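Asker: I have a structure I would like to understand better, so I am pasting it below and will then ask my questions one at a time.
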Amino acid sequence: MRKDHLYLLTFIAITVIFLIVASFSVKHFIMESSDQLIVIQLESGKREADEMSQMISTQLSGGIKLDTVKVNIQSAIEKTHEMTSFVSVMDWSGKQICHPNITKVGEMVNSDQNLLDALKEKDRANKLYEILVRKKKETNSIEPSEIVYLSPVKGTDLIVTSNFNLDKIITQTGLLKNRYYRILFLMGGFIILCSFFAVRTLGSLYEKQLELKNTALENELFSLSKLNKDLIEHQQKIIEEKTSVDQSQDQSIEEKAIPEKKRILTYIRNELVPISTNQISYIKSENSITYIYGINGKKSTTSLSLDELYNTIDKSLFFRANRQFIISISSIDKIVKYGNSQLKILIQNSSDVEIIISKNKAAEFRQWLSI
């Protein structure tokens, strides 16, 4: 349940983040896309109006009568007002001379001056889009068409106008907006689902790694527990053997001929002091001097090297931990894991002494404890 709850919160968090980002970006993208559409239509309308103005001027220069030119233009543009942009002809008084909708011929032009002013500015497409949207919101209706460009005919009082079919413009921008929202939500849903499954997959892999680490840690703890158990058993065994030796007075000659040293000759200052091996806690070599530490905390030195001592003492009681230390089985207080597969030996009554057994020596130490 905890993992499912976490995955649910992850899904909700990703969804909220996406919606926040989308809410800030959607207006910008719709505005940019609509502006691009309007710019294309505007440039197309301007080119068509200039071409029509040039054609009228050419026909009149060629001797064709104005009435004939008007009839030809009316015939050419008839019913084009149903397109996104179209051209019409008016005179300087604002009276419609030619219009795709023939019922408009003779009427006075009624256009929004704000649109024409907006077209004179650098960001005219943005202004035009904002005016169209605002008018739609305020009146819930707009004029069927608006003049967006004027192209005077040379030598006459005629003006060719480029007009926008505002209903078509609004419809196209609406379709563009709906298409963008559809793509946005499809893409957003895909991103959210992919992110959710990616988080879930990565979470599962991470959990497996944690389980493997926990298993390895449990195995190490079990190994250390077994090691400390073997240590205690070995120490008890040594105590029992010492008790048995003390009580037995009739050992055979072969048993008395064990070559291991029972005592080591040491020096304390200028005094020569023999120390029994069962009273030794650990032996340390430092700066070419061999120090012997007793279980009573006293320190003495010997003329023997660490190698010479190790070769003459009972190896079931003493272990060569490293190049610097020999430790007694009876003085070991605790064994803990240290570093990468290394062991650290803590000595009884010597909290400041930590003896490290390397990875290569650890297996030998475990076997020594199991003897």
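Asker: Return the residues of region 303-323 that are under 59 Å from the mean Cα position of the chain (by Cα) and under 17 Å from Glu364 (Cα atoms); say none if nothing qualifies.
Answerer: Once the filter is applied, which keeps residues that are under 59 Å from the mean Cα position of the chain (by Cα) and under 17 Å from Glu364 (Cα atoms), region 303-323 yields Tyr310, Lys315, Ser316, Leu317, Phe318, Phe319, Arg320, Ala321, Asn322, Arg323.
Asker: Moving on to the next point. Out of region 282-298, which residues are exposed (fewer than 15 other Cβ atoms within 10 Å of the Cβ) and in contact (Cβ under 8 Å) with a residue 12 or more places away in the chain?
Answerer: Residues satisfying the conditions are Glu286, Ile289, Asn296, Gly297, Lys298.
Asker: Does Leu205 satisfy the condition of being surrounded by fewer than 11 Cβ atoms within 10 Å (Cβ to Cβ), at pLDDT 80 or above, assigned by TED's automatic domain parsing to the domain that holds Val26 and farther than 30 Å from Leu369 by Cα?
Answerer: No; evaluated as a whole, the condition is false for this residue.
Asker: Another question, then. Name the residues in region 315-342 that are in a strand (DSSP E or B) and out of contact with any Lys or Arg (no Cβ under 7 Å at 6 or more places or on another chain), would you?
Answerer: Answer for region 315-342, where residues must be in a strand (DSSP E or B) and out of contact with any Lys or Arg (no Cβ under 7 Å at 6 or more places or on another chain): Phe318, Phe319, Arg320, Ile327, Ser328, Ile332, Asp333, Lys334, Ile335, Lys337.
Asker: Can you run down the residue pairs with Cβ atoms below 6 Å, 6 or more apart or on separate chains, where the first is in region 300-324 and crowded, with 18+ Cβ neighbours inside 10 Å and the partner is part of a loop (DSSP other than H, G, I, E, B)?
Answerer: Close Cβ pairs satisfying both conditions: Ile313/Glu260; Ile313/Lys261.
Asker: One residue is enough: does region 343-350 have a residue meeting the conditions loosely packed, with under 14 Cβ neighbours inside 10 Å, in a loop (DSSP other than H, G, I, E, B) and in contact with a strand residue (DSSP E or B) (Cβ under 9 Å, 6 or more places away or on another chain)?
Answerer: For region 343-350, residues loosely packed, with under 14 Cβ neighbours inside 10 Å, in a loop (DSSP other than H, G, I, E, B) and in contact with a strand residue (DSSP E or B) (Cβ under 9 Å, 6 or more places away or on another chain): present.
Asker: Next question, about the same structure. State whether one or more residues within region 147-158 are assigned to a loop (DSSP other than H, G, I, E, B), out of contact with any His (no Cβ under 9 Å at 6 or more places or on another chain) and free of Cβ contacts under 8 Å to residues at least 40 places away in the same chain.
Answerer: Looking through region 147-158, none of the residues is assigned to a loop (DSSP other than H, G, I, E, B), out of contact with any His (no Cβ under 9 Å at 6 or more places or on another chain) and free of Cβ contacts under 8 Å to residues at least 40 places away in the same chain.
Asker: Determine the pairs where a residue that is within 16 Å of Ser25 (Cα to Cα) and assigned to a helix (DSSP H, G or I), located within region 162-190, has a partner that is among the polar types (S, T, N, Q) and at pLDDT below 80 with Cβ atoms under 8 Å apart, the partner being 6 or more residues away or on another chain.
Answerer: Here the result reads Leu176/Ser33; Leu176/Ser34; Lys177/Ser34; Tyr180/Ser33, each pair linking region 162-190 to a residue that is among the polar types (S, T, N, Q) and at pLDDT below 80.
Asker: On to the next question. Pick out the one residue from Ile238, Ile280 that is β-branched (Val, Ile, Thr), touching a strand residue (DSSP E or B) at 6+ places or on another chain (Cβ under 9 Å) and modelled with pLDDT of 60 or more.
Answerer: After ruling out the rest, the residue left standing is Ile280.
Asker: Among the residues of region 52-92, how many are among the aromatic types (Phe, Trp, Tyr) and either outside any loop (DSSP other than H, G, I, E, B) or buried (at least 16 other Cβ atoms within 10 Å of the Cβ) (or both)?
Answerer: Residues flagged as among the aromatic types (Phe, Trp, Tyr) and either outside any loop (DSSP other than H, G, I, E, B) or buried (at least 16 other Cβ atoms within 10 Å of the Cβ) (or both) within region 52-92 amount to 1.
Asker: What's the number of the condition Arg263 fails, among (1) surrounded by fewer than 19 Cβ atoms within 10 Å (Cβ to Cβ); (2) of a type in the set (D, E, K, R); (3) at pLDDT 90 or above?
Answerer: Arg263 satisfies every listed condition except (3).
Asker: Please state which one of Leu6, Leu19, Leu37 is modelled with pLDDT of 75 or more and loosely packed, with under 15 Cβ neighbours inside 10 Å.
Answerer: Sole residue among the options that is modelled with pLDDT of 75 or more and loosely packed, with under 15 Cβ neighbours inside 10 Å: Leu19.
The values are calculated or read from the model by the stated rules, or taken from the named source; none is laboratory data. Everything numeric here is computed off the predicted structure, so don't read it as measured data. Here Cβ is always computed from backbone atoms with ideal geometry, including for glycine, and neighbour counts include all displayed protein chains.
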